[in-house]
Structures are given as structure tokens and as C-alpha cells.
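Report on one structure; see the data block that follows.
The values are calculated or read from the model by the stated rules, or taken from the named source; none is laboratory data. Just so it is clear, the structure is predicted and the values come from calculations on it, not from any experiment. Cβ atoms come from the backbone with ideal geometry, glycine included; neighbour counts cover every protein chain shown. Note: accessible area is taken over every heavy atom of the protein model, side chains too, but ligands, DNA and RNA are not part of it. Shrake-Rupley method; radii C 1.70, N 1.55, O 1.52, S 1.80 Å.
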Amino acid sequence: MIYMDYAATTPVDGRVFEAMQPYFSASFGNPSSVHRYGQIAEAAIDTAREKVASVLGCRVDEVIFTSCGSESDNLALRGAALAMREKTGASWIITSHVEHHAVSKTAEQLEKYYGFQVEWLEVDENGMVTPEAVKKAVCDKTALVSVMYANNEIGTINPIRAIAEICRKNNILFHTDAVQAAAYLPVNVDALGVDMMSLGGHKFYGPKGVGALYIRKGTLLIPHLTGGGQESGFRAGTQNVPYIVGFAEALWLANEEREKRTAHVRPLRDRIIGSVLETIPDSQLTGHLESRLPNHASFVFKDVDGNLLLQLLDSAGFACSSGSACKTGNPEPSEVVTSLGLTRDWALGSLRVTLGVDSTVEYVDEFLKTLPTLVNKARQLGSNS
Ligand SMILES: *Cc1c(COP(=O)(O)O)cnc(C)c1O
């Protein structure tokens, strides 16, 4: 089996696993305890927070550990929207049509149950949110803008810095979901100009079930997990010490090895994009050709059932994705692919191929040898039914 779905999740790096291990057993203390067991656990969290802060270029008290990237998105949107409305009366949230569900479903909930209004930004044909679109949308009733750094389904990298600048000029909070981006793109919060940024450990060789939210000093947020005063009162609950240690180690390594990892995957990605478009009729790249994640190739094939293609690939020994982590049996095309303006006969046939540390040119070539036949087969099977 060849794994080509690193955008869905990554295996835990051996060095990360090793760093985590002591905190499951020998150093199992509760970081809030006064005694020495607690002090050791607390010191591990302090060190982890310092590591994360040094990668993000921020203060240690601006890093909040959470249970996953989704939770970070939830805390940022719900927490900031509620706090901003209380402070200024602003009740509009601006976000895009291509966000991860952790953002879009939260925005929908804020509209349905909390009385906010949501403005959905259109994207261009590459799935990019343009600064112009944000500029046109903001007004004095805007509480918050949330635009993702890099898209998980189509790989497009958004011009975050320019969008952040518009928000800052208009005194509007800006959040970015960097869960997919952090594996390959720089995440210095001042260079990006963001007020809040979500991260998730398992997209960069850290463990699942742990994330972080950067919150710029002075940003008001209503916590959604209330209880003890952990994480500066932003997120109650005894911290998951081993996972936080693993998260920090993985982010640190991603930052250290960014260039090396990028140089490894980029040519493999380009080999896939070039070959697929050349050898498979009625195929299109989705997302931006240049401004895209270096490990990310995504396509649509006309008149192909994307889920069927994934099953054929799986049987042939290749683990790929249709884009979102949706399970089979959902006949609706993804909102992200639809927002590119593709018609249904194209949008249903999406395929995402994402690379990582264990990808090799041999694996890629085996894949490229097999894929055209399977696309053909999917087309034939589809037209018979
Ligand atoms: C994976 C992902 C998430 C969710 O992160 P979890 O840690 O799985 O909850 C959010 N946003 C993007 C862009 C992602 O790729």
C-alpha cells in the first residue's frame, strides 16, 4: 500500500514519539498540581509553549493549546465573535466559500443560533480569496474575518498578509486557519499580520487530537470550555501533556526542516501534475498552479465518480482522497470544488494526491502508470450504471 494522503493526516515522526513517551508514565503529573510531579509536567508544557512561540515569533502567553485544529477554529470564531459583539456591537462575520468545515459550520451555527450575519466571500477560478474581495466586504459592522492560509482540498495558498493588512486598517480581527499550511509554509504571525491562527498537530507529523491557537495579546475571546483557569483562562481542562509536548516537537521540526521537506516533495508533485494532465483526457488541475502547497496535487476528471475512483485506487494499493476527508456514499460534490465554477459532471470526479516524507519517485511513477487505466475503468463502470 502506498500512502498519498498526507493532507488527511501524517504518521507521527519517530523523534516526536520519543519526546512524548515519558509523559505517559514516568512524568504523568497534573501540570496544575503544586508538588514536584506537577512541576515536572508544568515545565514540559512551558518548554513546549516556548518552542511553539519561537516558531510563531510570538509571546508565550499568546499560545493556547487545544484538542485539535477544529477546536482552535471553533474557539477563534465563536470566542472572538461573541467578545467583539459585546464590546462593539459588530455582528457580521466574513469568511470564504472554501473554508474547512471547522470554520464554515461554526460560522453557520453563529448565524443560526447566535444571531450573527455571515458574508461568504466568492473565490476566483483558482479557489483563491482575493484581497479585493475582502476589501469590498468589510464594513463597520464586521466583527471578524476568517480566511484560511492554504486550502486542504485544492492546495491554493491565499494572500494572507494582504488580507490581514486590510483587516488591520479597518480595525477588524483577522483569523486564519493554518492547519494545512503549517507543514510547509512560514507561520511567523507578525510577518503574516494575523490576530489569531489555528494549528493542528497531525498535519505535520505530530499526534492527532492536539492543536494550538495563536491569540494576539489584547484580543478578547469568550472561552467555550469553561472551568479551571488553564491556558490563561481561554480553555479549561487538564492539559494533555504528552500530546502538547509532541505537538511542539513536531512544529519545531517542521520549521527546522521546511526547506528540506519542500525540496523533497515539490518535484514529485510537479511530476504528478504534469503527467496526469498530459496522459488523462478530460482532466483539469484544481487550485492554483503556482500558489499552492508544495506537496499537493488535485484534479477533477469529467464523468468520473470520485468515490469509485478512490475505491479502485485503494484496491490497486494507493491511498488517495477526493479532497475533503468525507466518507464514501455522499453523492454531492464538495463545496470547495463547486465554488471553482465547475459543473457537476466535472465536480463529482475529484482526486487529491498529497505527498510526504516517505513518498518516492518510484511510488509516484507506479501511481502514474496505474491511474490512467483506473480513470478509464471508472468512466466505463459509471456509464453502465
Ligand atoms: C485537518 C484540518 C482541520 C481540522 O484539524 P483537526 O486537527 O483534524 O481537527 C482544519 N482546517 C484545515 C485546513 C485542515 O486541513
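The table below lists the values:
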quantity	calculated
Every pair of residues 6+ apart whose Cβ atoms lie under 7 Å, when the first sits in the range 161-179 and is more than 21 Å from Leu75 (Cβ to Cβ) while the second is within 16 Å of the ligand (Cβ to nearest atom)	Arg161/Leu192
Residues (surrounded by fewer than 22 Cβ atoms within 10 Å (Cβ to Cβ) and of a type outside the set (A, V, I, L, M)) located in the range 188-197	Asn188, Asp190, Gly193
Those residues of the range 127-149 which are in contact (Cβ under 8 Å) with a residue 60 or more places away in the chain and touching a Ser or Thr at 6+ places or on another chain (Cβ under 7 Å), in sequence order	Gly127, Met128, Ala143, Ser146
Residues (under 17 Å from Thr338 (Cα atoms) and surrounded by 17 or more Cβ atoms within 10 Å (Cβ to Cβ)) located in the range 121-164	Leu121, Val123, Asn126, Gly127, Met128, Val129, Asn151, Asn152, Glu153, Ile154, Gly155, Thr156
Residue in the range 216-228 that is surrounded by the most Cβ atoms within 10 Å (Cβ to Cβ), counting only those that are in contact (Cβ under 8 Å) with a residue 40 or more places away in the chain and over 30 Å from Gln21 (Cβ atoms)	Leu221
Test: residue in the range 229-251 that is crowded, with 18+ Cβ neighbours inside 10 Å, under 20 Å from Val145 (Cβ atoms) and within 18 Å of the chain's Cα centre (by Cα)	no
Selection status of Ala90, out of contact with any strand residue (DSSP E or B) (no Cβ under 8 Å at 6 or more places or on another chain), in the same structural domain as Leu199 (by TED's automatic domain parsing) and open to solvent by less than 10 Å² (accessible area, probe 1.4 Å)	no
So Leu199, is it of a type outside the set (Asp, Glu), assigned to a strand (DSSP E or B) and more than 16 Å from the ligand (Cβ to nearest atom)	no
Of the criteria (1) more than 29 Å from Lys87 (Cα to Cα); (2) open to solvent by less than 10 Å² (accessible area, probe 1.4 Å), which one Leu185 fails	(2)
Residue pairs meeting the criteria (Cβ under 7 Å; at least 6 apart or on separate chains; first in contact (Cβ under 8 Å) with a residue 24 or more places away in the chain and within 15 Å of Cys320 (Cα to Cα), in the range 364-381; second part of a helix (DSSP H, G or I) and among the charged types (D, E, K, R))	Val364/Arg271
Some residue of the range 104-114 being basic (Lys, Arg) and away from the ligand (no atom under 15 Å from the Cβ)	yes
Single condition Pro207 does not satisfy, out of (1) within 16 Å of the ligand (Cβ to nearest atom); (2) open to solvent by 10 Å² or more (accessible area, probe 1.4 Å); (3) assigned to a loop (DSSP other than H, G, I, E, B); (4) not aliphatic (A, V, I, L, M)	(2)
Residue match in the range 129-142 (condition: in contact with a strand residue (DSSP E or B) (Cβ under 9 Å, 6 or more places away or on another chain), within 16 Å of the ligand (Cβ to nearest atom) and not in a helix (DSSP H, G or I))	yes
Hey, Ser67 modelled with pLDDT of 95 or more, closer than 30 Å to Gly341 by Cα, open to solvent by less than 50 Å² (accessible area, probe 1.4 Å) and within 16 Å of the ligand (Cβ to nearest atom) or not	no
Out of Asp358, Asp365, sole residue that is closer than 21 Å to Pro294 by Cβ, of a type in the set (Asp, Glu), outside any helix (DSSP H, G or I) and open to solvent by 30 Å² or more (accessible area, probe 1.4 Å)	Asp358
Subset of the range 271-309 [in contact with a strand residue (DSSP E or B) (Cβ under 7 Å, 6 or more places away or on another chain) and open to solvent by 20 Å² or more (accessible area, probe 1.4 Å)]	Leu277, Asp282, Ser283, Gln284, Leu285, His288, Ser291
Qualifying residue in the range 80-93 (condition: within 11 Å of the ligand (Cβ to nearest atom), more than 25 Å from Lys136 (Cβ to Cβ), touching a residue at least 60 places away in the same chain (Cβ under 8 Å) and of a type in the set (Gly, Ala, Ser))	no
